[in-house]
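Asker: Just dropping this structure here.
The values are calculated or read from the model by the stated rules, or taken from the named source; none is laboratory data. Computed from a predicted model, the values in this text were never measured in an experiment. Here the Cβ is made from the backbone with ideal geometry for all residues, glycine too, and neighbour counts use every protein chain on show.
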Amino acid sequence: MKALVLDAEARTANHHSIPRPSPAPNELLIRVLAIALNPIDPLYVSSPLAATGRTIGSDFAGTVTALGANVPPSSHLNVGVRVSGFLQGACSTNPRPGAFAEYLVVPWDLVWKIPAAVGVEEAAGVSLVALTAAQAVFYCLGLPAPFRYDREVKWAKHPDWRGFQSREMKEGELKFFVYGASTSVGLFAAQFVRLSGEVSGRTIKLFGAASTAKHELLKQEPYSYDHLVDYRDPDWSQQIRSLAGGEGMDYVYDCISEGESVERASGLLREGGRSMVVRSRAGGAWTADDLAVEPMYNAVWEGLGEDVEYQGMVLKKSVAARGFAVAFYRWLGGVLGREVKAVPVRVMPGGLERVVRDGFALLEAGGMGDREVKREEEWMRPVSGEKLVYRI
């Protein structure tokens with residue numbers, strides 16, 4: 001089969017033929033039909049953590065081709081069923097292969113069934129970013145979820161948050177701020193915040209920072225932001241405080257987490273508020289001194305339920321994080337396309353052989369907001385608020 005394989009010495013990935021995998025007893029063999037790109041995919045090719053020969057890539061969608069002997073009949077994961085999920089690709093030093101291949105194997109309970117009304121291209125761009133947002137909103141920050149999972153939320157062990165209770169958590173209005181509201185993670189985070197408000201019966205005011213070109217989209221359902229500012233304005237944080245009547249935020253979610261964003265976004269917290277980042281201080285993504293509250297970082301890879309060596313850290317296997325991912329994906333397969341909207345996708349020309357040349361070039365071209373690359377093809381226009389998808 002064909003796959004995109006890391007060349008760590010040359011800091012690129014090449015289109016190669018490799019053996020087709022066979023599923024272990026608890027795994028599925030998937031024929032990959034579409035893949036979606038995330039910024040971490042080119043990042044850890046140009047700055048490799050893994051060794052040469054590792055299949056790269058995270059997000060996939062495809063059809064079940066074979067089932068391991070221990071896949072329960074109650075899963076209804078028969079041959080031909082369309083599913084989506086993610087693998088770790090080359091984003092760690094672990095040897096586990098990634099998703100950018102014609103076939104892959106994956107644990108049967110870490111995929112979700114694609115609803116009939118959702119295309120495989122659309123589904124391919126969901127798994128990693130949706131779980132990232134769900135981990136932040138529900139599992140870490142502790143907002144009520146529209147599905148059941150182990151209620152031992154991660155923030156209970158955070159040194160700055162332990163034992164914290166507030167009137168606002170039980171009654172009254174909450175204020176939630178998202179920096180990078182038009183990113184793929186931000187789009188799902190807003191939807192999950194809105195769904196949490198519905199299931200809990202609480203009013204949650206949603207504040208966001210994003211490019212003005214995306215404000216109209218973000219004001220509409222299912223995001224329904226109450227207040228938006230332009231992240232390019234040097235005084236965007238002061239604007240948020242003014243829009244909030246001078247009050248601080250109960251929750252802050254920084255979906256960019258680079259440069260000064262963490263310090264400025266965390267500075268919006270009221271006393272006792274909680275904040276999340278998508279990139280870690282320990283990994284060198286950002287620095288900030290004298291934060292009133294250290295933000296929490298949660299790697300999406302914890303949902304895979306395996307030890308992960310990542311950015312100089314070792315994330316130990318977490319039964320609770322894996323259990324949350326399983327519960328979330330079971331729920332997601334029943335609501336995507338109805339209660340939850342997928343991120344818009346841009347289907348790119350070609351297949352695996354074009355990923356590095358085109359897709360990686362686009363994602364490496366810039367930071368938050370409009371990304372620019374000096375190419376004339378229509379599909380090489382700047383990326384904002386959408387996922388790049390390739391058919392396989």
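Asker: Hey, any hits in the range 314-328 for a residue that's touching a Ser or Thr at 6+ places or on another chain (Cβ under 8 Å) and at negative phi?
Answerer: Checked against the condition, which is being touching a Ser or Thr at 6+ places or on another chain (Cβ under 8 Å) and at negative phi, the range 314-328 yields no hits at all.
Asker: Same structure, new question: Six or more apart or on different chains, Cβ atoms under 6 Å: show the pairs whose first residue is in the range 1-28 and in a strand (DSSP E or B) and whose second is of a type in the set (Phe, Trp, Tyr) and modelled with pLDDT of 95 or more.
Answerer: As it stands, the answer is Leu4/Phe100; Leu28/Trp108, since those pairs meet every condition given.
Asker: If only one of Leu332, Leu362 is in contact with a helix residue (DSSP H, G or I) (Cβ under 7 Å, 6 or more places away or on another chain), in the same structural domain as Pro107 (by TED's automatic domain parsing), within 27 Å of Lys214 (Cα to Cα) and part of a helix (DSSP H, G or I), which one is it?
Answerer: Selected residue: Leu362, the only one of Leu332, Leu362 that is in contact with a helix residue (DSSP H, G or I) (Cβ under 7 Å, 6 or more places away or on another chain), in the same structural domain as Pro107 (by TED's automatic domain parsing), within 27 Å of Lys214 (Cα to Cα) and part of a helix (DSSP H, G or I).
Asker: Here is a follow-up. Being in a loop (DSSP other than H, G, I, E, B), under 16 Å from Ala99 (Cβ atoms) and under 25 Å from the mean Cα position of the chain (by Cα), is that true of even one residue in the range 39-50?
Answerer: yes
Asker: Can I ask one more? Before we move on, is Arg31 basic (Lys, Arg), in a strand (DSSP E or B) and at pLDDT 95 or above?
Answerer: yes
Asker: Does the range 268-278 include one or more residues that are assigned by TED's automatic domain parsing to the domain that holds Tyr253, more than 21 Å from Ala134 (Cα to Cα), surrounded by fewer than 21 Cβ atoms within 10 Å (Cβ to Cβ) and modelled with pLDDT of 90 or more?
Answerer: yes
Asker: For the range 273-321, enumerate the residues that are in contact (Cβ under 8 Å) with a residue 40 or more places away in the chain and in a helix (DSSP H, G or I).
Answerer: Val300, Trp301, Glu302, Gly303, Leu304, Ala320, Ala321
Asker: Within the range 191-227, restricting attention to residues that are of a type in the set (A, V, I, L, M, F, W, C) and not in a helix (DSSP H, G or I), which residue is nearest to Gly142 (Cα to Cα)?
Answerer: This residue is Ile204.
Asker: Next question. Pull up the range 272-287, narrow it to residues that are in contact with a Gly (Cβ under 9 Å, 6 or more places away or on another chain) and of a type in the set (A, V, I, L, M), then point me to the one that is farthest from Gly180 (Cα to Cα).
Answerer: The selected residue is Ala282.
Asker: Taking the range 312-322 as the search range and keeping residues that are over 17 Å from the mean Cα position of the chain (by Cα) and not hydrophobic (A, V, I, L, M, F, W, C), which one is surrounded by the fewest Cβ atoms within 10 Å (Cβ to Cβ)? Write out each step before concluding.
Answerer: In the first step, residues of the range 312-322 are kept if they are over 17 Å from the mean Cα position of the chain (by Cα); the result is 312-320.
Applying the additional criterion that residues be not hydrophobic (A, V, I, L, M, F, W, C) yields 312, 316-318.
Numbers: Gly312: 11, Lys316: 9, Lys317: 12, Ser318: 21.
So, considering only residues that are over 17 Å from the mean Cα position of the chain (by Cα) and not hydrophobic (A, V, I, L, M, F, W, C), the one surrounded by the fewest Cβ atoms within 10 Å (Cβ to Cβ) is Lys316.
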